[in-house]
Amino acid sequence: MKILSKEQVYEGDKLTTKTQDISSTELMERAGIQIFNWLHTRMQGAQVPIHVFCGIGNNGGDGLVVARHLVTYGYNVHTYVVNCSDKRSKDFLINYDKIKHVTKEWPTLLSCKDDFPPIKADDIIIDAVFGIGLNREVGDWVKQLFQHFKASKAFTLAIDIPSGLHTDQVPKDEDGVVWANFTLSFQSPKLVFFLPDTAKYSKEWEVLDIGIDREFLMKTETEAELIGKQEVLTLYKPRKKYTNKGHYGHALIVGGSYGKIGAAALASRATLASGAGLVTVFLPKCGYQIMQTSFPEAMVVTDTDEELITQIAVNFNPSAIGIGVGLGTHDKTIIAFEDFLRKNKAPLVVDADALNILSKKKTLLKFLPEGSILTPHPKELERLIGTWTDDFDKLNKTKAFSKKHQVLVVIKGANTITVLEDKLYVNTTGNPGLATGGTGDVLTGVITGLLAQGYNPLVAAIFGVYLHGKSADIAVEKTGYQSLIASHVIETIGDAYLDLFWQPEPPQEETNAKENKKK
């Protein structure tokens, strides 16, 4: 799913009114009806007090459409106009006039704190004060209104975006933003729904299709894309019957040091579980017996050193290499890593201590093969690109880093984002259970396994991140968040693959209708 920018949303709206020969007011009506339908399906006429707070722009116009339809269907509706400016949009005024025809209770005008209505915790708030067009700081009394919403503890539904939240920057004052329980976003989610600094303003979200021009949606190139099951399914390469392990690549995992052999074990297991035909692990000597007994499917090559990796040498050409898990940053290991980078030509996944070595010796970055995949956690990323002021600054610096060094960067987090130059791919799988040691090693293995099978680096990164998160989502149903460990994630990689092809069974009435039609 494409994540449209603010400018692209406006462009899509404008083009839609032209190609479909409708007015902007009719498009607003369509959007408002979609929100009403969403509410009506869930509430079924329940007489819970609904407070609709409308701004005086187009977001407020959307709110007035919703309020009108709620009134028409007999809901217990209270409508307010947040009078924060003298300027009113044309479509707001049209819908302000329309609501007069369905109720004798005109919208209450709010101009200061004294006008705020009482709101109970069991009520519902619909936030239609500001939309994506907000280009100024929120006034003090409007901030107080938003805090009034929050203090009420009422369920708050935001229209398109929580009021006060910008699409392309982090709010300077969190009191100037509505904290929504749910946001109904028109046609496309907003990037701010997926960033740590801004995701907190809406606990959940859903996209409503308001009929924006299909050709526009298909052809428009966006900076960001949301990656879910449907997007990943098109990337999957089915296996042919007459193939063998040689067709699916020979991956190499380089890592481990005394006390950290487990990291290499996790990564290598994940590499094979994600589909690589063969996996060899390069370890210090102390890891030989551990690996051979804990993971018999792997082949093992060891360094001459007992506790460290001091040289990296194998007698085959790997299809892909994952390096860094448990590696350590001893001086001898740094020398070995530098020598490896100068000679290596294979596709590369760089993680953990390999990233830390690159941060210490940034001159080594020039030896990374084009398309190398770096998988840093936040601290590792900071060491690579420097500190950032907020999430947008972080993304901009990561994009610049990706461009400069011709690499992909996987920014690990609640919504892991894969960055390739100016493009962002936002993942939708995963859960808080992944906040435990070793899950990053598993991700390294999954991506390395996909690279070894011949997936190109971008696809391997996107697909790998999705599979890793989906495996955790499946595993956590049995373990819970607190008890999920990295090994559980490996055990459910196969289930994550199967889930790509799982389709929910149709409702019983639909099945019966089809059977009756056959008869």
**Report entry** From Lys379, Lys399, Lys345, residue being assigned to a loop (DSSP other than H, G, I, E, B), open to solvent by 20 Å² or more (accessible area, probe 1.4 Å) and of a type in the set (Lys, Arg)
**Finding:** Lys345
Report task. Scan the range 360-376 for residues that are more than 20 Å from Leu458 (Cβ to Cβ) and surrounded by 20 or more Cβ atoms within 10 Å (Cβ to Cβ) and jot them down. Result -> none
Query raised in the report: Does Ala313 satisfy being hydrophobic (A, V, I, L, M, F, W, C), surrounded by fewer than 24 Cβ atoms within 10 Å (Cβ to Cβ) and not in a strand (DSSP E or B)?
Result: yes
Query raised in the report: From the list Asp393, Asp353, which residue is assigned to a helix (DSSP H, G or I) and closer than 22 Å to Val442 by Cα?
Result: Asp353
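One line per residue, one yes/no per condition, for (1) open to solvent by 30 Å² or more (accessible area, probe 1.4 Å); (2) in contact (Cβ under 8 Å) with a residue 12 or more places away in the chain; (3) in contact with a helix residue (DSSP H, G or I) (Cβ under 8 Å, 6 or more places away or on another chain); (4) closer than 23 Å to Asn431 by Cα:
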site	(1), (2), (3), (4)
Phe149	no, yes, no, no
Lys153	yes, yes, no, no
Leu157	no, yes, yes, no
Val178	no, yes, yes, no
Asn181	yes, yes, no, yes
Ser188	no, yes, yes, yes
Leu191	no, yes, no, yes
Glu206	yes, yes, yes, yes
Ile210	no, yes, yes, no
Report summary line: Residues in the range 35-66 that are in a loop (DSSP other than H, G, I, E, B), surrounded by fewer than 21 Cβ atoms within 10 Å (Cβ to Cβ) and touching a helix residue (DSSP H, G or I) at 6+ places or on another chain (Cβ under 7 Å) total 0
Report task. May I ask you to list the residues in the range 421-450 that are in contact with a helix residue (DSSP H, G or I) (Cβ under 6 Å, 6 or more places away or on another chain) and open to solvent by 40 Å² or more (accessible area, probe 1.4 Å)? Result -> Glu421, Asp422, Pro432
Report task. Any chance you could count how many residues in the range 218-253 are open to solvent by 80 Å² or more (accessible area, probe 1.4 Å), within 30 Å of Gln289 (Cα to Cα) and assigned to a loop (DSSP other than H, G, I, E, B)? Result -> 1
Query raised in the report: So which pairs qualify, if the first residue must be in the range 71-83 and under 13 Å from Ile126 (Cα atoms), the second must be part of a strand (DSSP E or B) and open to solvent by 20 Å² or more (accessible area, probe 1.4 Å), the Cβ gap must be under 9 Å, and the two must be at least 6 apart or on different chains?
Result: His78/Thr108; Thr79/Thr108; Tyr80/Thr108; Tyr80/Leu109; Val81/Thr108; Val81/Leu109; Val82/Leu109
Query raised in the report: What pairs come up if the first residue lies in the range 222-246 and is more than 23 Å from Ile417 (Cα to Cα), the second is open to solvent by 90 Å² or more (accessible area, probe 1.4 Å), and their beta carbons are under 9 Å apart, counting only those six or more places apart or on different chains?
Result: Arg239/His247; Lys240/His247
Requested in this report: Please report, ordered by residue number, the strands (runs of 3 or more DSSP E) entirely within the range 75-132 with at least 3 residues that are open to solvent by less than 70 Å² (accessible area, probe 1.4 Å).
Outcome: 77-82, 124-128
Report summary line: Of (1) part of a helix (DSSP H, G or I); (2) surrounded by fewer than 21 Cβ atoms within 10 Å (Cβ to Cβ), Arg136 satisfies every one except (1)
Report summary line: Output for Cβ contacts, cut-off 7 Å, separation at least six or different chains, first residue touching a residue at least 12 places away in the same chain (Cβ under 8 Å) in the range 28-39, second open to solvent by 60 Å² or more (accessible area, probe 1.4 Å), reads Met28/Asn58
Query raised in the report: So which residues in the range 1-34 are open to solvent by less than 40 Å² (accessible area, probe 1.4 Å), under 27 Å from Phe194 (Cβ atoms), touching a helix residue (DSSP H, G or I) at 6+ places or on another chain (Cβ under 8 Å) and not polar (S, T, N, Q)?
Result: Ile3, Leu4, Gly12, Leu27, Met28, Ala31, Gly32
Query raised in the report: Which is open to solvent by less than 30 Å² (accessible area, probe 1.4 Å) and not in a helix (DSSP H, G or I), of Gly256, Gly287?
Result: Gly256
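The values are calculated or read from the model by the stated rules, or taken from the named source; none is laboratory data. Not measured: the values here are computed from a predicted model. So basically every Cβ, Gly included, is an ideal-geometry build from the backbone, and we count neighbours across all protein chains shown. When the accessible area is computed, the model is the full protein with side chains, heavy atoms only, and any ligands, DNA or RNA have been set aside. Shrake-Rupley method; radii C 1.70, N 1.55, O 1.52, S 1.80 Å.
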